[in-house]
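A.B. asks: Okay, handing you the structure first.
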């Protein structure tokens with residue numbers, strides 16, 4: 001069976017197709033309603049930047065499994081590495097018997113992450129697990145408990161990571177929250193009350209005021225920040241903010257944790273998004289794109305901090321699974337050898353040009369992002385009031401036409417664009433053309 005999907009969009013009939021629609025009853029019967037769904041289709045095959053569903057429709061993928069398939073779906077090198085490793089052994093648990101794949105991933109991340117200091121890496125299974133372990137390491141290293149996070153942040157759905165996540169619904173509210181998590185205002189330039197030009201300085205002042213008057217800097221173990229807040233609406237931290245956080249953490253012995261789970265590994269046009277600001281965090285969390293679709297996550301950081309946990313205190317049964325490690329080594333090599341950092345920058349250039357007219361439309365409050373992590377914030381014309389209804393309508397129409405884009409943002413009004421970094425120019429421009437048409441259509445309907 002040929003598993004390669006031709007890189008063309010194919011759409012016929014309504015959405016979902018009959019075969020996918022037939023699964024709806026089974027889904028409702030067999031799965032809990034807490035599992036969300038962006039598009040009601042069941043996928044049969046995928047490769048590159050195209051997803052093929054069981055009805056034969058082919059969708060241009062601007063979601064990448066939420067920034068996971070950055071090297072494209074089923075990249076041949078990743079597939080080959082997975083097959084070869086599966087034929088050797090599928091699991092031993094690294095905490096029982098060791099294997100080279102785990103070490104190989106750690107070596108690559110220790111080299112690729114910012115800074116030339118001594119580093120160490122521990123592997124886990126999910127992004128939330130990486131975040132929780134980064135906090136655990138920071139607390140052990142400092143002997144402190146308090147953790148500072150930001151408005152609009154997303155760090156996961158587990159107890160601690162869910163508490164660190166800002167948006168209450170649907171991510172939090174299922175019971176008592178984790179303790180000693182403190183939330184500071186985030187510098188959201190488009191919505192900052194004092195103006196975008198003051199967002200970095202004023203929000204940092206409010207963070208430090210909160211720390212010094214409500215917590216005590218001497219009690220803070222870590223400040224955790226996403227260099228680009230993905231689920232929050234692709235909010236890029238403004239110039240000067242990350243470096244101010246870095247300096248403050250250094251002065252007070254606080255661990256700076258960069259959550260690069262969505263923004264890292266070439267997505268923003270740098271290997272890690274903090275590099276745009278010349279900042280070197282103490283710890284970096286990665287996941288998503290790390291293993292190109294297999295569950296793998298990591299915490300990488302200063303060796304003396306990473307060694308704060310006693311033997312046996314880190315790990316997990318599946319953490320650093322050998323098949324996932326094989327996929328990660330292949331994916332990281334593809335990112336470097338195929339120049340995907342530069343490709344992300346080219347995607348941004350092409351997108352800004354293709355969406356130029358749409359960006360100027362009355363419903364578009366702001367177009368923002370970096371590299372291949374981009375977004376349109378949809379608002380009611382004439383102001384900044386979020387327009388989640390119009391954003392959802394644009395997304396639904398894109399889906400109907402065979403383009404997968406995602407809704408995000410604290411107010412549910414941000415259209416997020418996360419195409420695979422290997423997408424070819426023609427397919428990228430075709431997808432952006434569809435999006436531009438639907439944005440213009442929304443404006444025409446609003447003024448009709």
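A.B. asks: Enumerate the strands (runs of 3 or more DSSP E) found wholly within segment 255-366, keeping only those where 3 or more residues are modelled with pLDDT under 95.
C.D. replies: Details: elements: 255-259, 283-286, 297-302.
It comes to none.
A.B. asks: Something else: Of the residues that make up segment 196-211, is at least one in the same structural domain as residue 135 (by TED's automatic domain parsing) and under 15 Å from the mean Cα position of the chain (by Cα)?
C.D. replies: The initial filter retains those residues of segment 196-211 that are in the same structural domain as residue 135 (by TED's automatic domain parsing), namely 196-211.
The next check asks that each one be under 15 Å from the mean Cα position of the chain (by Cα); those that pass are none.
No, because not a single residue in segment 196-211 is in the same structural domain as residue 135 (by TED's automatic domain parsing) and under 15 Å from the mean Cα position of the chain (by Cα).
A.B. asks: Please tell me if residue 14 is assigned to a loop (DSSP other than H, G, I, E, B) and within 30 Å of residue 171 (Cα to Cα). If you could, list the steps in order and put the result at the bottom.
C.D. replies: On the way: assigned to a loop (DSSP other than H, G, I, E, B): yes; within 30 Å of residue 171 (Cα to Cα): no.
It is false that residue 14 is assigned to a loop (DSSP other than H, G, I, E, B) and within 30 Å of residue 171 (Cα to Cα).
A.B. asks: Select, from 393, 388, the only residue that is farther than 25 Å from residue 165 by Cα, outside the structural domain of residue 89 (by TED's automatic domain parsing) and surrounded by fewer than 21 Cβ atoms within 10 Å (Cβ to Cβ).
C.D. replies: Numbers: 388 fails: farther than 25 Å from residue 165 by Cα.
Within the list 393, 388, the selection yields 393.
A.B. asks: With the condition kept exactly as written, say whether any residue in segment 221-229 is over 17 Å from residue 274 (Cα atoms) and assigned by TED's automatic domain parsing to the domain that holds residue 136.
C.D. replies: Of all residues in segment 221-229, those over 17 Å from residue 274 (Cα atoms) come to 221.
When the remaining residues are screened for being assigned by TED's automatic domain parsing to the domain that holds residue 136, the result is 221.
Yes, the conditions are met somewhere in segment 221-229.
A.B. asks: From the list 183, 191, 157, which one is modelled with pLDDT of 95 or more and either over 24 Å from residue 276 (Cβ atoms) or surrounded by fewer than 19 Cβ atoms within 10 Å (Cβ to Cβ) (or both)?
C.D. replies: Values: 191 fails: either over 24 Å from residue 276 (Cβ atoms) or surrounded by fewer than 19 Cβ atoms within 10 Å (Cβ to Cβ) (or both); 157 fails: modelled with pLDDT of 95 or more.
Answer to the selection: 183.
A.B. asks: Filter segment 216-251 down to residues that are in a helix (DSSP H, G or I) and in contact (Cβ under 8 Å) with a residue 40 or more places away in the chain and give me whichever is surrounded by the most Cβ atoms within 10 Å (Cβ to Cβ).
C.D. replies: Checking each candidate, the answer is 245.
A.B. asks: Please find, among 366, 338, the residue that is out of contact with any helix residue (DSSP H, G or I) (no Cβ under 7 Å at 6 or more places or on another chain) and surrounded by fewer than 21 Cβ atoms within 10 Å (Cβ to Cβ). Even if it seems obvious, please write down each step before you answer.
C.D. replies: Numbers: 366 fails: out of contact with any helix residue (DSSP H, G or I) (no Cβ under 7 Å at 6 or more places or on another chain).
It is 338.
A.B. asks: Here is a follow-up. Consider residue 92 against the criteria (1) closer than 30 Å to residue 401 by Cα; (2) touching a residue at least 12 places away in the same chain (Cβ under 8 Å); (3) assigned to a loop (DSSP other than H, G, I, E, B): it satisfies all of them except one. Which criterion is unmet?
C.D. replies: Unmet for residue 92, out of (1) closer than 30 Å to residue 401 by Cα; (2) touching a residue at least 12 places away in the same chain (Cβ under 8 Å); (3) assigned to a loop (DSSP other than H, G, I, E, B): (1).
A.B. asks: What tally of residues in segment 116-150 results from selecting those that are in contact with a strand residue (DSSP E or B) (Cβ under 8 Å, 6 or more places away or on another chain) and under 17 Å from residue 280 (Cα atoms)?
C.D. replies: The number of residues fulfilling the criteria is 7.
A.B. asks: Yes or no: residue 28 assigned to a loop (DSSP other than H, G, I, E, B), loosely packed, with under 15 Cβ neighbours inside 10 Å and out of contact with any helix residue (DSSP H, G or I) (no Cβ under 6 Å at 6 or more places or on another chain)?
C.D. replies: On the way: assigned to a loop (DSSP other than H, G, I, E, B): no; loosely packed, with under 15 Cβ neighbours inside 10 Å: yes; out of contact with any helix residue (DSSP H, G or I) (no Cβ under 6 Å at 6 or more places or on another chain): yes.
No; evaluated as a whole, the condition is false for this residue.
A.B. asks: I've got another one for you. Applying the selection to segment 73-89, what residues are closer than 16 Å to residue 317 by Cα and without any contact (Cβ under 8 Å) to a residue 24 or more places away in the chain? Even if it seems obvious, please write down each step before you answer.
C.D. replies: First, pick out the residues of segment 73-89 that are closer than 16 Å to residue 317 by Cα: 89.
If the condition is that a residue be closer than 16 Å to residue 317 by Cα and without any contact (Cβ under 8 Å) to a residue 24 or more places away in the chain, then no residue fits.
Conditions tested, residue by residue: (1) within 20 Å of residue 360 (Cα to Cα); (2) part of a helix (DSSP H, G or I); (3) more than 22 Å from the chain's Cα centre (by Cα).
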| residue | (1), (2), (3) |
| --- | --- |
| 412 | no, no, no |
| 426 | no, yes, yes |
| 433 | yes, yes, yes |
| 442 | yes, yes, yes |
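A.B. asks: Please verify whether residue 294 is within 17 Å of the chain's Cα centre (by Cα) and surrounded by fewer than 22 Cβ atoms within 10 Å (Cβ to Cβ), treating the condition exactly as stated. If you could, list the steps in order and put the result at the bottom.
C.D. replies: Working: within 17 Å of the chain's Cα centre (by Cα): yes; surrounded by fewer than 22 Cβ atoms within 10 Å (Cβ to Cβ): yes.
Spelling it out, residue 294 is indeed within 17 Å of the chain's Cα centre (by Cα) and surrounded by fewer than 22 Cβ atoms within 10 Å (Cβ to Cβ).
A.B. asks: Is it the case that segment 254-273 has a residue that's over 27 Å from residue 334 (Cα atoms), free of Cβ contacts under 8 Å to residues at least 40 places away in the same chain and in contact with a helix residue (DSSP H, G or I) (Cβ under 7 Å, 6 or more places away or on another chain)? Please lay out each step first, then the result.
C.D. replies: Initially, segment 254-273 is screened for residues over 27 Å from residue 334 (Cα atoms), giving 254-256.
Pick out the ones that are also free of Cβ contacts under 8 Å to residues at least 40 places away in the same chain and you get 256.
Now narrow it down to the ones that are in contact with a helix residue (DSSP H, G or I) (Cβ under 7 Å, 6 or more places away or on another chain): 256.
Scanning segment 254-273, I find at least one residue that is over 27 Å from residue 334 (Cα atoms), free of Cβ contacts under 8 Å to residues at least 40 places away in the same chain and in contact with a helix residue (DSSP H, G or I) (Cβ under 7 Å, 6 or more places away or on another chain), so the answer is yes.
A.B. asks: In segment 62-89, which residues are outside any helix (DSSP H, G or I) and under 21 Å from residue 320 (Cβ atoms)? Let's see the steps before the verdict.
C.D. replies: The initial filter retains those residues of segment 62-89 that are outside any helix (DSSP H, G or I), namely 62-63, 68-75, 89.
Hits for segment 62-89 are 68, 69, 70, 71, 75, 89.
The values are calculated or read from the model by the stated rules, or taken from the named source; none is laboratory data. Model, not experiment: these values are computed from the prediction. Glycine gets a Cβ as well: all are built from the backbone with ideal geometry, and neighbour counts include every protein chain shown.
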